[in-house]
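Undergrad: Following this message is one structure expressed as structure tokens.
The values are calculated or read from the model by the stated rules, or taken from the named source; none is laboratory data. This is a predicted model, so every value here is computed, not measured. Note: ideal-geometry Cβ built from the backbone for every residue, glycine included; neighbour counts use all protein chains shown. Calculation scope for accessible area: heavy atoms of the full protein, side chains included, ligands and nucleic acids excluded. Shrake-Rupley method; radii C 1.70, N 1.55, O 1.52, S 1.80 Å.
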Amino acid sequence: MAAAPPLVVAPVEFAACSLAWSPYDERRLAVATGANFGIVGNGAQVVLDVRAGAPPPAPPAALAPVCRLLTNDSLNDCAWSETREHHLLAACGDGSLKLWDLELARTHGGRPLAAARAHDAEVSGVDWSSLRKDLVASCGWDRAVKVWAAEALHEPIATLFAPPHGAPEVHDVRWAPHAAGTLASASGDGAARVWALQSGKAELVLGAHGADVLSVDWHKYAGHTLATGCVDQLIRVWDLRRPATPVGVLRGHRLAVRRVRFSPHDSRLLLSCSYDMSAAVWDAAAPYALATYAHHSEFVTGAEWALFTPGLIATCSWDGTVSLLGAPGAPHGGGGGAALEADGALLALPRAEASAPT
Amino acid sequence: MADSASTSRGVVRLQAISRHLHPPSHFASQSPDDVVILSVARTPIGRAKRGAFKDTTPDVLLAHALRGAIERAGVRAEDVGDIRVGNVLPANGAIFARMAQFQAGIPHSVPLAAVNRQCSSGLQAVADIASAIRAGHIDVGIAAGVESMSSTGMGDAVPPFSQEAVSACAPAADCLVPMGITSENVAAKYGVTRADQDAFAARSHALAASAQREGRFTAEIVPVTLADGTVISHDEGIREATTADGLARLRPAFKEEGTTTAGNSSQVSDGAAAIVLASRAAAHRLGLAPRIMGVLRGYAVAGVPPAEMGVGPAFAIPHALAKAGLSQAEVGVFEINEAFASQALYCVRKLGIEPSRVNPNGGAIALGHPLGCTGARQVATLLHELHRTGERFGVVSMCIGTGMGAAAVFERA
């Protein structure tokens, strides 16, 4: 198994809890952070730009700060607006959602455009629907998954409650990329759930975990496939047509799996990160990791595929850094020269050493 | 300075992180009714009629295993509610087993019975003791298995029966098919080639050899002191130099055009193993909770045609997993008895088990197959492997003469 070094590592001061790539700007990354490992103290919403070498498309050379917006409690997650390039929604440890207009915030002392008391406890996750671009979803440690109109955060459109027994934490919420109004959540009662916004009910409960499910994600090409990451160290792959037991179990992480994310570009690939201080790329149909990344020195809390550059990955960690990585077997050249072949692409993955120009 | 609301949020966050780092058992709650394993102990496995135990009787082997299991569990012998001993070949194994109990220092107040479900007897003993614990008949019990194939051979095993009635009943007659021929039947019917069988057998020796070299069996083995004072502490059947090419030169053992040889079949052996089980409640009451090694999560026996008895695990494993509510993908280690390479390989392929998870320390082809002992020996090996690798779930399974398969699911504590 390849253990690949990072392409770029950049500090973000506080412990990083999650990150998100902009759907508008291929270089732009948002990072949710919190002081003192996000346990007590301020939070900060950090925005970074990937600087590439010249001429484009070129490999990432640096991560440059764009802005840093302080909050009074740690930030657990963030999501970019699907309709406004500079809008960013953050999940705050004090139970609030904060919506920033980054352009305005720069000139208004970092004040958010809107701030709403959203949950009765920690807001742990947010996701912006790419199909119903007016909707956002949040989840919290109050057992609730809530859906909001992005323009009106004062009152949720729907509040979806997980059953009242077991741990109260909902850890992750993700809109289905193929079906508007369908969401998946992952929670501390050992289950992942698929929700239909229309009925307000859990259509499916994926229950064969037995311990906190920290993350869930939809396959981007097969609408019936989900992955979950659990504190029992296992990643499970589910087929919603046969929900009784997982169709695949990916083992290798030595502690809780914090996040799982299917690749938007390669239908085989799944990205994960863990409390074991590593991130890994998997072929979701094979039992062992294709690559692991072990450069972080604390819990790895966020791992996301770049939306415009196939095979480019960003991870973040409690060690206070964000890093950029290249996935193995990236499309467009097997790990080398993985630029998106669109006009104006700025970023590319470096060529694999074997094919490096001499 | 943090205000009180943010301080209490901090406490909640710390508690959540702590729980994520120390997750609870897969099963929503640890039930006081759980049947837990407190200790495992086995003798080294000797080569029958030629090896270290050729002159050692089964009572002596069993006594060593019983004493080792009790000492390791930290349980007082008088707290044991019952002993069940798996044993296959002798006509009345229950007698020497009771003798072994006394030799091990377990008082007469502790009862004992023998059980014979052929090659699964050692595992059936575990299931019997677990059943008695679950039923509330006992709180603590010992499941054991023993076979001295030096003392009693395979040929001595068949009692009298009606030739006439049996020959008129095809499946009854199939119970007389020699085990080697059942292996040939499986190989022929399901297309397991000689080359595949030999490769599987060589793998068993290679894995067992490296396990032995690295001392992986040390924790499960209780050394045996022979009458002359010699101490035996290593398995004898493992041949590190075995290669598939070497095995390919052996002649078929059961049928002229056959594929089953002495090299790709299990070895004829002597050995004993014992396991102390208890309800979780009793383990806590007796102050033995720190000794808990694992939990029995499911058990099933499936019947299959006697003439192809080797397919048993392919039927028993899915049953046992269903009983435990687990999918096969969640099982990290499979101990599938290698009665014959043909049938073990068939079962692995039929179930689509990742080969690297099967018998990671070798199996009966290298270690030997003392019939009544094997199931208990596999449990001992499995539990230590689960602790060594950190895998959570493991399965023990074997085929059973006269057409069955048994399988049990264990969770590491």
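Undergrad: Can you tell me which of B:L345, B:L367, B:L371, B:L321 is crowded, with 23+ Cβ neighbours inside 10 Å and within 13 Å of chain A (Cβ to nearest Cβ)? I'd like the intermediate steps shown before the answer.
TA: Working: B:L345 fails: within 13 Å of chain A (Cβ to nearest Cβ); B:L367 fails: within 13 Å of chain A (Cβ to nearest Cβ); B:L371 fails: within 13 Å of chain A (Cβ to nearest Cβ).
Just a single option satisfies the conditions, and that option is B:L321.
Undergrad: Can you name the number of the only condition in (1) charged (D, E, K, R); (2) away from chain B (no Cβ under 14 Å); (3) within 20 Å of A:A15 (Cα to Cα) that A:D94 fails?
TA: (2)
Undergrad: For the structure I just gave you, tell me whether A:A54 is of a type in the set (G, A, S), out of contact with any Pro (no Cβ under 6 Å at 6 or more places or on another chain) and within 23 Å of A:D134 (Cβ to Cβ).
TA: Values: of a type in the set (G, A, S): yes; out of contact with any Pro (no Cβ under 6 Å at 6 or more places or on another chain): yes; within 23 Å of A:D134 (Cβ to Cβ): no.
Judged against the criteria, A:A54 is not a match.
Undergrad: Tell me the helices (runs of 4 or more DSSP H) entirely within the stretch B:319-412 that contain at least 2 residues that are of a type in the set (V, I, T).
TA: Working: elements: B:341-351, B:364-367, B:371-389.
Output list reads B:371-389.
Undergrad: Quick check on my filter: what residues within the stretch B:1-45 are part of a loop (DSSP other than H, G, I, E, B), more than 8 Å from every other protein chain (Cβ to nearest Cβ) and either at pLDDT below 85 or surrounded by fewer than 17 Cβ atoms within 10 Å (Cβ to Cβ) (or both)?
TA: Residues satisfying the conditions are B:M1, B:D3, B:H22, B:S29, B:Q30, B:S31, B:P32, B:D33.
Undergrad: Does B:E236 satisfy the condition of being touching a strand residue (DSSP E or B) at 6+ places or on another chain (Cβ under 8 Å) and part of a loop (DSSP other than H, G, I, E, B)? Outline the logic, then answer.
TA: Values: touching a strand residue (DSSP E or B) at 6+ places or on another chain (Cβ under 8 Å): yes; part of a loop (DSSP other than H, G, I, E, B): yes.
Yes; evaluated as a whole, the condition is true for this residue.
Undergrad: State yes or no: is B:E330 of a type in the set (D, E, K, R), open to solvent by 20 Å² or more (accessible area, probe 1.4 Å) and either over 17 Å from the mean Cα position of the chain (by Cα) or more than 14 Å from chain A (Cβ to nearest Cβ) (or both)?
TA: Values: of a type in the set (D, E, K, R): yes; open to solvent by 20 Å² or more (accessible area, probe 1.4 Å): no; either over 17 Å from the mean Cα position of the chain (by Cα) or more than 14 Å from chain A (Cβ to nearest Cβ) (or both): yes.
When the stated conditions are applied, B:E330 does not pass them.
Undergrad: Still on this structure: State whether the residues of the stretch B:342-351 include one that is among the small types (G, A, S) and touching a residue at least 24 places away in the same chain (Cβ under 8 Å). Please lay out each step first, then the result.
TA: First, the residues of the stretch B:342-351 that are among the small types (G, A, S): B:342, B:344.
Of the ones still in play, those that are also touching a residue at least 24 places away in the same chain (Cβ under 8 Å) are B:342, B:344.
Among the residues of the stretch B:342-351, at least one is among the small types (G, A, S) and touching a residue at least 24 places away in the same chain (Cβ under 8 Å), which makes the answer yes.
Undergrad: Does B:Q378 meet the test of being modelled with pLDDT of 95 or more and in contact with a Ser or Thr (Cβ under 7 Å, 6 or more places away or on another chain)?
TA: Numbers: modelled with pLDDT of 95 or more: yes; in contact with a Ser or Thr (Cβ under 7 Å, 6 or more places away or on another chain): no.
Criteria not met by B:Q378.
Undergrad: Considering each of B:A272, B:A314, B:A289 in turn, give the residue that is modelled with pLDDT of 95 or more and under 30 Å from B:R76 (Cβ atoms). Walk me through it before giving the result.
TA: Numbers: B:A314 fails: under 30 Å from B:R76 (Cβ atoms); B:A289 fails: modelled with pLDDT of 95 or more.
Matching residue, one of B:A272, B:A314, B:A289: B:A272.
Undergrad: A follow-up question, please. Looking at (1) open to solvent by 30 Å² or more (accessible area, probe 1.4 Å); (2) within 18 Å of A:P310 (Cα to Cα); (3) modelled with pLDDT under 95; (4) not hydrophobic (A, V, I, L, M, F, W, C), can you tell me which one A:P60 breaks?
TA: Evaluating A:P60 over (1) open to solvent by 30 Å² or more (accessible area, probe 1.4 Å); (2) within 18 Å of A:P310 (Cα to Cα); (3) modelled with pLDDT under 95; (4) not hydrophobic (A, V, I, L, M, F, W, C) leaves (1) as the failure.
Undergrad: With respect to the numbered conditions (1) closer than 30 Å to B:P178 by Cα; (2) in a strand (DSSP E or B); (3) open to solvent by 10 Å² or more (accessible area, probe 1.4 Å), which one is the sole condition not fulfilled by B:R297?
TA: (1)
Undergrad: Right, something else. Can you name the residue in the stretch B:152-184 that is of a type in the set (A, V, I, L, M) and assigned to a helix (DSSP H, G or I) and is also most open to solvent (accessible area, probe 1.4 Å) among such residues?
TA: Just the residues of the stretch B:152-184 that are of a type in the set (A, V, I, L, M), to begin with: B:154, B:157-158, B:165-166, B:168, B:170, B:172-173, B:176-177, B:179, B:181.
Subset that is assigned to a helix (DSSP H, G or I): B:154, B:165-166, B:170, B:172-173, B:179, B:181.
On the way: B:M154: 100, B:A165: 61, B:V166: 28, B:A170: 67, B:A172: 34, B:A173: 36, B:M179: 53, B:I181: 44 Å².
It comes out as B:M154.
Undergrad: Also: Is one or more of the residues making up the stretch A:68-75 acidic (D, E) and within 14 Å of chain B (Cβ to nearest Cβ)? Even if it seems obvious, please write down each step before you answer.
TA: Just the residues of the stretch A:68-75 that are acidic (D, E), to begin with: A:73.
Remaining after also requiring within 14 Å of chain B (Cβ to nearest Cβ): A:73.
Scanning the stretch A:68-75, I find at least one residue that is acidic (D, E) and within 14 Å of chain B (Cβ to nearest Cβ), so the answer is yes.
Undergrad: Can you go through A:G207, A:G223, A:G229 and tell me which one is at pLDDT 90 or above, more than 8 Å from chain B (Cβ to nearest Cβ) and open to solvent by 10 Å² or more (accessible area, probe 1.4 Å)?
TA: On the way: A:G207 fails: at pLDDT 90 or above; A:G229 fails: open to solvent by 10 Å² or more (accessible area, probe 1.4 Å).
None of the other options fit; the residue is A:G223.
Undergrad: Of all residues being more than 12 Å from chain B (Cβ to nearest Cβ) and in a loop (DSSP other than H, G, I, E, B) in the stretch A:241-276, which is surrounded by the fewest Cβ atoms within 10 Å (Cβ to Cβ)? Just the residue, please.
TA: Keep residues of the stretch A:241-276 that are more than 12 Å from chain B (Cβ to nearest Cβ), which gives A:241, A:259-273.
So of that shortlist, the ones also in a loop (DSSP other than H, G, I, E, B) come out as A:241, A:263-268.
On the way: A:R241: 8, A:S263: 23, A:P264: 17, A:H265: 22, A:D266: 19, A:S267: 13, A:R268: 15.
Out of the qualifying residues, it is A:R241.
Undergrad: To continue, here is another question. Report, by residue number, each residue of the stretch B:76-95 that is hydrophobic (A, V, I, L, M, F, W, C) and crowded, with 23+ Cβ neighbours inside 10 Å. Spell out how you get there, then give the answer.
TA: Looking only at the stretch B:76-95, we keep the residues that are hydrophobic (A, V, I, L, M, F, W, C), and these are B:77, B:80, B:83, B:85, B:88-89, B:91, B:94-95.
Answer for the stretch B:76-95, where residues must be hydrophobic (A, V, I, L, M, F, W, C) and crowded, with 23+ Cβ neighbours inside 10 Å: B:V80, B:I83, B:V85, B:V88.
Undergrad: Considering A:G190, A:G200, which residue is on the phi > 0 side of the Ramachandran plot and in contact with a Leu (Cβ under 8 Å, 6 or more places away or on another chain)? First the steps, then the outcome.
TA: Details: A:G190 fails: in contact with a Leu (Cβ under 8 Å, 6 or more places away or on another chain).
Going through A:G190, A:G200 in turn, the sole match is A:G200.
Undergrad: Would you confirm whether or not the stretch A:20-28 contains a residue that is closer than 16 Å to A:D319 by Cα and either crowded, with 19+ Cβ neighbours inside 10 Å or touching a residue at least 12 places away in the same chain (Cβ under 8 Å) (or both)?
TA: Within the stretch A:20-28, the subset closer than 16 Å to A:D319 by Cα is none.
Looking for residues that are closer than 16 Å to A:D319 by Cα and either crowded, with 19+ Cβ neighbours inside 10 Å or touching a residue at least 12 places away in the same chain (Cβ under 8 Å) (or both), one finds none in the stretch A:20-28, hence no.
Undergrad: May I ask you to verify whether A:P5 is over 20 Å from the mean Cα position of the chain (by Cα), under 22 Å from A:V281 (Cα atoms), crowded, with 21+ Cβ neighbours inside 10 Å and more than 14 Å from chain B (Cβ to nearest Cβ)? Can you show your working first?
TA: Working: over 20 Å from the mean Cα position of the chain (by Cα): yes; under 22 Å from A:V281 (Cα atoms): yes; crowded, with 21+ Cβ neighbours inside 10 Å: no; more than 14 Å from chain B (Cβ to nearest Cβ): yes.
No; evaluated as a whole, the condition is false for this residue.
Undergrad: Same structure again: Taking the stretch A:135-194, which residues are open to solvent by 30 Å² or more (accessible area, probe 1.4 Å), under 14 Å from A:D77 (Cβ atoms) and within 14 Å of chain B (Cβ to nearest Cβ)?
TA: Result: A:W141, single match.
Undergrad: Filter the stretch B:300-318 down to residues that are among the β-branched types (V, I, T), open to solvent by 10 Å² or more (accessible area, probe 1.4 Å) and closer than 25 Å to A:T245 by Cα, then give me how many there are. Show your work before the answer.
TA: Taking the stretch B:300-318 and keeping what is among the β-branched types (V, I, T), we get B:301, B:304, B:311, B:317.
Among the residues that remain, those that are also open to solvent by 10 Å² or more (accessible area, probe 1.4 Å) are: B:301, B:304.
Now narrow it down to the ones that are closer than 25 Å to A:T245 by Cα: B:301.
Residues in the stretch B:300-318 being among the β-branched types (V, I, T), open to solvent by 10 Å² or more (accessible area, probe 1.4 Å) and closer than 25 Å to A:T245 by Cα: 1 in total.
Undergrad: Applying the selection to the stretch A:125-134, what residues are closer than 15 Å to A:D77 by Cα and open to solvent by 10 Å² or more (accessible area, probe 1.4 Å)?
TA: Of everything in the stretch A:125-134, those that are closer than 15 Å to A:D77 by Cα and open to solvent by 10 Å² or more (accessible area, probe 1.4 Å) turn out to be A:D127, A:W128.
Undergrad: Please give the number of the condition B:A168 fails out of (1) free of Cβ contacts under 8 Å to residues at least 60 places away in the same chain; (2) closer than 28 Å to B:A278 by Cα.
TA: If we test B:A168 against (1) free of Cβ contacts under 8 Å to residues at least 60 places away in the same chain; (2) closer than 28 Å to B:A278 by Cα, just (2) comes out false.
Undergrad: Given the condition touching a Lys or Arg at 6+ places or on another chain (Cβ under 7 Å) and either part of a strand (DSSP E or B) or in contact (Cβ under 8 Å) with a residue 12 or more places away in the chain (or both), answer yes or no: does some residue in the stretch B:205-212 qualify? Steps first, answer last, please.
TA: Pass one, the stretch B:205-212, residues touching a Lys or Arg at 6+ places or on another chain (Cβ under 7 Å): B:205.
Checking the rest, the ones that are also either part of a strand (DSSP E or B) or in contact (Cβ under 8 Å) with a residue 12 or more places away in the chain (or both) come to B:205.
Yes; the residues of the stretch B:205-212 include at least one that is touching a Lys or Arg at 6+ places or on another chain (Cβ under 7 Å) and either part of a strand (DSSP E or B) or in contact (Cβ under 8 Å) with a residue 12 or more places away in the chain (or both).
Undergrad: Now for a separate question. Given the conditions (1) in contact with a helix residue (DSSP H, G or I) (Cβ under 7 Å, 6 or more places away or on another chain); (2) open to solvent by 10 Å² or more (accessible area, probe 1.4 Å); (3) closer than 21 Å to B:G298 by Cβ, which single one is not true for B:G122?
TA: B:G122 satisfies every listed condition except (2).
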